[in-house]
Amino acid sequence: MSTRHFFFVLLWLTVCLSACQDQPDYCTVKGTVKGIDDGTKLELQDEYDHFKKVATTRVKDGAFEFHPRVSAPTHVYLYTSDGDQLKDFFLEPGTIVADINTTDKDDMDICASGTPSNDFNREMDLLYVQEEDEAAQARWDEKIDGGENGILALYYASNISETAVKALTVLDRLSPDIASKPYIAELREELGRRAKTEPAPAGSKNYFIDMEYPDAQGKRVSLSSVVNNPANRYVLLDFWATWCSPCRESVPALRALYAKYHAKGLEIYSVSEDSNTDGWKSFLPKNGMTWVNVLDDNPGRKNSKVWSAYALHGIPTTLLLDGSTGEILVRGNLKRIEAQLSSLLP
């Protein structure tokens, strides 16, 4: 073979290898199914690409299997074609096992397994299910502070970080394949708004944003009227909806919190985003708490002024306000807020 011929062969092999490396990798997503009929259509939707459908399949003999292509790791939701959410996990090269059991109330909250990102997140999900929230948060912080800059870092910034300021710093160091996702610009904007509705760094303060919506009797009630009531030392601002299963499950805990601290100066302003007002009213207690409803024909899609003003990435979301100043003291789950109240209202 001549030197010139050898050179062209080598160049051709280099181009082919480069083209192969640029091609998306295949991955396998499979699992068993309990509580869903054979023939049911399933689909994967990419959260970080406007919930674009990336693959479909059907349940067969109590199991399913997808073979999507992955150009860069992402986070997906597994739905039935009727819109029922079954599980969420990371889509990345490898074999992902996502067993489904709709009869287990905790199943949807536990990630898939089989690949590095999913195995880590599954460990964290199990801690959350066991109510080891602080341990899970510490493990997440350790992972991110150790320099993680891939799909787990994006998920942390979007769902786990306790402050918008830290989440924004994490976004700044994402690897190029993750940083190019369409979702990043939207997330930056959302985190910028959220920074205004979470406890501010030392030396500055953030305050509530007023709103006014009808209660169960149709009377419009403003948040400011509740905050400015001298009897209310602290106000818990709660966002929820009847279509959100974790929200429905938190209602008893919210009522228990009210029963425990209301006499000491706590008021709760609970904001439901529902188009079905009759369904919403069925959850209301007979007395106590201020429950208002945001009528929304497309609930949960971040199109309302409430979702925008308070940068709600998801619900339930709760904030604790100082009744005398309106300052935002805590933004987090009910467990964190109750821990704060135990010291503020002993």
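The values are calculated or read from the model by the stated rules, or taken from the named source; none is laboratory data. Predicted model only: the values in this text are computed from it and were never measured. Methodologically, a virtual Cβ is constructed for each residue, glycine included, from the backbone with ideal geometry; neighbour enumeration extends over all protein chains shown. Surface areas here come from the heavy atoms of the whole protein model, side chains and all, with no ligands, DNA or RNA. Shrake-Rupley method; radii C 1.70, N 1.55, O 1.52, S 1.80 Å.
Some points to look at:
- All conditions in (1) open to solvent by 20 Å² or more (accessible area, probe 1.4 Å); (2) under 26 Å from GLY323 (Cβ atoms) hold for ALA164, with the sole exception of (1).
- Residue that is nearest to ASP109 (Cα to Cα), among those in segment 223-248 that are of a type in the set (Ser, Thr, Tyr) and crowded, with 20+ Cβ neighbours inside 10 Å: THR242
- Checked against (1) of a type in the set (Asp, Glu); (2) over 20 Å from THR28 (Cα atoms); (3) surrounded by fewer than 20 Cβ atoms within 10 Å (Cβ to Cβ), ASP119 passes all but a single condition, namely (2).
- Index of the failed condition, LYS219 passing every other in (1) more than 24 Å from GLU142 (Cβ to Cβ); (2) open to solvent by less than 40 Å² (accessible area, probe 1.4 Å): (2)
- Selection of segment 207-236 for residues being touching a helix residue (DSSP H, G or I) at 6+ places or on another chain (Cβ under 8 Å) and either at pLDDT below 85 or among the acidic types (Asp, Glu) (or both) yields ASP210, GLU212, ALA216.
- Selection within segment 122-132 - among the charged types (D, E, K, R) and open to solvent by 40 Å² or more (accessible area, probe 1.4 Å): ARG122, GLU123, GLU131, GLU132
- Residue match in segment 35-51 (condition: surrounded by fewer than 15 Cβ atoms within 10 Å (Cβ to Cβ), over 19 Å from MET108 (Cα atoms) and hydroxyl-bearing (Ser, Thr, Tyr)): no
- Which numbered condition ILE268 fails, given (1) open to solvent by 10 Å² or more (accessible area, probe 1.4 Å); (2) modelled with pLDDT of 90 or more; (3) not in a helix (DSSP H, G or I): (1)
- The single residue among THR57, THR74 that is over 23 Å from ILE184 (Cα atoms) and among the hydroxyl-bearing types (Ser, Thr, Tyr) turns out to be THR57.
- Among the residues of segment 107-116, none is identified as under 16 Å from TYR77 (Cα atoms), open to solvent by 50 Å² or more (accessible area, probe 1.4 Å) and either modelled with pLDDT of 90 or more or assigned to a loop (DSSP other than H, G, I, E, B) (or both).
- Selected residue (only one of ASP88, ASP104 is open to solvent by 20 Å² or more (accessible area, probe 1.4 Å) and part of a strand (DSSP E or B)): ASP88
- Set GLU162, GLU134: member being more than 26 Å from PRO93 (Cα to Cα), touching a residue at least 12 places away in the same chain (Cβ under 8 Å) and among the acidic types (Asp, Glu): GLU162
- Qualifying residue in segment 178-190 (condition: at pLDDT below 90, open to solvent by 60 Å² or more (accessible area, probe 1.4 Å) and within 30 Å of LYS281 (Cα to Cα)): no
- So VAL330, is it closer than 30 Å to LEU86 by Cβ and either open to solvent by less than 60 Å² (accessible area, probe 1.4 Å) or modelled with pLDDT of 80 or more (or both): no
- Checklist (1) surrounded by fewer than 18 Cβ atoms within 10 Å (Cβ to Cβ); (2) among the β-branched types (Val, Ile, Thr); (3) at pLDDT 90 or above applied to VAL251, failing item: (3)
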